[in-house]
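Worksheet: the structure to be examined is printed underneath.
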Amino acid sequence: MRPHERAGKAVTVEIRIGIAHTARELNFETDETAEAVKQTVADALESGAASVTFADSKGASYIVPTAGIAFVEVGTDQSRRVGFVA
């Protein structure tokens, strides 16, 4: 996966996935666009796939069973922040 860019800056999308019957959520940033993530989830749910796979911006992979997905929150495309924010 190659990060998409906006005005020459790498852009990441924050993803938060709620898993049914689990108190914790899966949180990660990906180099995929928000639309690509939405389409991946929609395709997996519509096709009846047993799982959906995501990759984060560091190269780790996450396999989530579709039956256990309670919700998927897809953040907006945002530039990586560098330095301090006042």
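A short reminder: the numbers here are calculations on the coordinates, not readings from a lab. Keep in mind it's a predicted model, so treat the numbers as computed, not measured. Note that we place each Cβ from the backbone using ideal geometry, even for glycine, and neighbour counts take in every protein chain shown.
What to note about this one:
- At q = 0.12, 0.13, 0.26 Å⁻¹, base-10 log of I(q)/I(0) for segment 4-76 (Debye sum, equal scatterers on each alpha carbon): -0.32, -0.37, -1.30
- Two-site FRET efficiency, residue 20 against residue 58, from Cβ-Cβ distance with R₀ of 22 Å, rounded to 0.05: 0.25
- Inter-site label distance for residue 66 and residue 47 at 7 Å from Cα along Cβ, in nm: 0.8 nm
- Per-residue Cβ neighbour rank within 10 angstrom, fewest leading, 46, 14, 25: 46, 25, 14
- Database remark: amide H of residue 77 closer than 5 angstrom to the amide H of 34 (H placed geometrically; neighbours at sequence offset of 5 or more, or on other chains; Pro and chain starts carry no H).
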